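Data first, discussion second: the structure below is written as structure tokens.
Values quoted throughout were computed directly from the atomic coordinates according to the rules given, and no laboratory measurement underlies them. Every value quoted in this text rests on a predicted model; they were computed, and no experiment measured them. So basically every Cβ, Gly included, is an ideal-geometry build from the backbone, and we count neighbours across all protein chains shown.
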Amino acid sequence: MMPIHLCAYNVREETGGAVRLFGSIMLALLQPVIVTGSLLTVINVWNDFTGPFYRLTDGSKWTVTVSFYKFATDFMQKSCPLGC
């Protein structure tokens, strides 16, 4: 049986270096963590937008994202009245 440090050395030499070894092993193991973190980030950003968007009716209390969305939709409606 080959010792683990020799096995890792052989894999590193045959596959093209430490970066490729890290990419092929660690990124494969971290894929569920990356996907979960990405989904939680998207859900958090979505909730930061939809919460104030539906609850706040006064324009002076809107958050930056809701104000920007309102500005962008008004701008698009004025510049493309037929729905470009």
With residue 53 itself left out, Lys, Arg at +1 and Asp, Glu at -1 over residues whose Cβ is under 14 Å from its Cβ give +1
State whether the range 30-71 is rounded, prolate or oblate according to the following rule on the C-alpha gyration tensor (a ≥ b ≥ c being the square roots of its eigenvalues): a/c under 1.5 gives rounded; otherwise a/b larger than b/c gives prolate, and the remaining case gives oblate.
-> prolate
Scalar couplings 3J(HN,Hα) for the range 29-42 by Karplus 6.51 cos²θ - 1.76 cosθ + 1.60 (θ = phi - 60°), nearest whole Hz, x for Gly and Pro, are 6, 8, 4, x, 5, 5, 5, 5, x, 5, 5, 5, 5, 5
If we count every other residue with Cβ under 13 angstrom of residue 64's Cβ, Lys/Arg +1 and Asp/Glu -1, where does the sum land?
-> +1
